Amino acid sequence: MTDDTTPSNLHPDVAYALREVPGGFAIDSHHAEWPELGMVLEVPEHDKRGEHDRAVGSCATGAICAFSGSNLSGTRLSWSSCGTYSTSGLSSVGSIANARSAGYLQARTSSGSVVATAIAGSWSNTSGAVTNVRCVS
Amino acid sequence: MSDDALADALRRLDPARTPVDAPLPLDAERRVREIVGRPAAGARRAPRARRRFAVPGVVAACVAVLLAVVVGVVAAPAPSASALTPDPLAYRPVSDSVAEVIDEAQDRLAEAGGVNSSERRSLSLGWYFSATADDADAATVFRREWVDLRWNADLSGQIVTTAAEATNAAGDTVPSTDPTPGTLISELTFRRGQYSPISFETPEATPDAMADWIRLVTGADEIEAADAIVGARRMLEEWTLTDAQESALLDVVEAAPDATVLGETTDRLGRPAVAVAGVPSGIASHELALLISTETGRILGLEDTLRDADPALKLPADSVAEYILWDVDAWKNGMR
């Protein structure tokens with residue numbers, strides 16, 4: 001039987017919090033408690049794979065997204081798989097988000113020029129006449 | 001560990017800040033609209049200006065009941081575009097040219113009592129939808145949202161998105177499963193240096209400075225009307241501009257050779273406006289209309305209408321793809 005509170009079995013976020021915040025102890029690999037602070041941490045269930053993929057704004061976990069507005073606002077087009085996609089459904093692209101666990105997402109013009117890049121788990125505002133997005137895994 | 005670092009660590013571990021979308025299939029939405037007998041586009045209801053939470057209880061109840069029925073309905077007749085999205089704004093023709101319309105707006109902006117200092121803040125009320133473009137079976141999700149961005153010179157800041165109340169737009173309905181108005185949708189917080197605006201400072205209140213900025217954000221060499229409108233949107237998504245800056249922005253719109261006047265109207269909040277429009281040169285399936293107040297001269301909003309059917313968005317021609325409204329503080333604060 002393995003002990004999932006040993007340091008090597010802790011989720012990285014739990015390990016990070018225990019390292020940085022004194023007075024805590026691990027309940028299991030995804031839970032920790034700080035009695036004096038009255039604080040309990042619980043890592044989301046979907047992170048139990050050990051991956052760090054998570055939603056970026058309203059861009060769902062695992063997806064790539066283009067928004068008509070800056071700052072992840074406005075109408076949203078999303079794709080569940082990595083590839084190169086036209087954004088013609090949007091009158092303009094103001095921001096992009098990459099909610100995948102690896103790779104990067106580019107916002108590009110019709111000539112292929114890259115005007116913005118979002119690495120895994122991040123987003124970026126764009127400028128220029130974006131016509132497509134390209135996801136590289 | 002600093003407070004900021006602790007807050008960041010906790011934030012990263014908090015799964016509750018981004019709720020899951022609650023989609024209603026388009027077919028169901030469409031069928032419900034037909035069953036409740038929503039008026040056709042040409043027979044719009046009188047505007048219910050200055051009224052919030054405007055969905056009548058009886059209609060809401062009907063929708064709730066009928067939602068249980070629509071799953072079994074088959075072979076529904078082909079919907080009209082307005083059955084899916086808000087009715088397009090109704091425009092009253094005006095004889096004024098683009099130059100005359102904008103000159104009048106600039107005269108109003110020049111009057112005392114307007115906005116005299118810019119602010120690193122953008123508050124908007126918008127109607128949008130979300131589509132999963134590579135999944136034909138995925139539902140399209142309608143959203144009505146407040147987006148409130150506040151940021152600082154040190155590039156710290158916050159974006160708070162909350163579910164918004166109904167406006168007076170006919171057909172401006174979101175699924176009953178959407179969050180209730182006021183519900184926090186998402187919250188993005190930026191520590192010092194983390195926020196990356198398109199424009200760290202506002203351009204000078206001159207037409208040339210505004211035109212240069214619009215070229216930068218749109219990539220346009222020769223600014224067309226849609227470029228100017230998109231540029232205005234980008235600016236207003238980060239800043240609250242002074243009247244003088246908005247006047248300079250309107251100069252750029254006026255100079256666009258393809259700008260047209262759609263006419264006078266009232267916007268989704270019942271505010272009197274005149275609309276100037278353009279079609280993006282690279283994306284001719286959209287028409288963008290900039291709404292300018294006929295009371296203050298300030299830019300009130302933007303309407304994006306599909307000229308052609310769009311399979312990626314799963315919407316037919318003439319659909320309102322989105323609208324976004326600014327100068328809405330009074331509505332957000334419940335004063336109207």
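The values are calculated or read from the model by the stated rules, or taken from the named source; none is laboratory data. Small disclaimer: the values here were computed from a predicted structure and weren't measured. We place every Cβ from the backbone using ideal geometry, glycine too, and count neighbours over all the protein chains shown.
Structural remarks
- The set of residues in region B:230-258 that are under 20 Å from B:V115 (Cβ atoms) and at the interface with chain A (Cβ under 10 Å from one of its Cβ atoms) comprises B:G231, B:R233, B:R234, B:M235, B:L236, B:E237, B:E238.
- Of residues in region B:288-318 being among the charged types (D, E, K, R) and assigned to a strand (DSSP E or B), the one nearest to the chain's Cα centre (by Cα): B:E303
- Region B:122-156, subset aliphatic (A, V, I, L, M) and more than 10 Å from chain A (Cβ to nearest Cβ), residue farthest from B:K332 (Cα to Cα): B:A136
- Residues satisfying the stated conditions in region B:259-281, i.e. in a loop (DSSP other than H, G, I, E, B) and either within 14 Å of another protein chain (Cβ to nearest Cβ) or touching a helix residue (DSSP H, G or I) at 6+ places or on another chain (Cβ under 7 Å) (or both): B:A259, B:L269, B:V279, B:P280, B:S281
- Where B:R298 falls short, out of the listed (1) at pLDDT 95 or above; (2) closer than 25 Å to A:G89 by Cα; (3) among the charged types (D, E, K, R): (2)
- Under the condition of being in contact with a helix residue (DSSP H, G or I) (Cβ under 8 Å, 6 or more places away or on another chain) and buried (at least 22 other Cβ atoms within 10 Å of the Cβ), the residues counted in region B:128-141 number 0.
- Of all residues making up region B:191-200, the number that are more than 10 Å from chain A (Cβ to nearest Cβ) and either of a type in the set (F, W, Y) or surrounded by 14 or more Cβ atoms within 10 Å (Cβ to Cβ) (or both): 3
- Criterion applied to B:A232, B:A312 was being touching a residue at least 60 places away in the same chain (Cβ under 8 Å), of a type outside the set (D, E) and closer than 30 Å to B:D137 by Cβ, and the one residue passing it is B:A312.
- Region A:59-78, residues that are free of Cβ contacts under 8 Å to residues at least 24 places away in the same chain and over 22 Å from A:S111 (Cβ atoms): A:S73, A:G74, A:T75, A:R76, A:S78
- Flag for A:L77 being under 19 Å from B:A284 (Cβ atoms), surrounded by 20 or more Cβ atoms within 10 Å (Cβ to Cβ), within 18 Å of the chain's Cα centre (by Cα) and aliphatic (A, V, I, L, M): yes
- Within region B:201-212, being closer than 13 Å to B:T240 by Cα and surrounded by fewer than 17 Cβ atoms within 10 Å (Cβ to Cβ) holds for one residue alone: B:E201.
- Annotation: of all residues in region B:282-315 being more than 19 Å from B:D87 (Cβ to Cβ) and within 9 Å of another protein chain (Cβ to nearest Cβ), the one that is surrounded by the fewest Cβ atoms within 10 Å (Cβ to Cβ) is B:P311.
- Subset tally (residues that are free of Cβ contacts under 8 Å to residues at least 12 places away in the same chain, among the polar types (S, T, N, Q) and more than 11 Å from every other protein chain (Cβ to nearest Cβ)) for region A:79-137: 0
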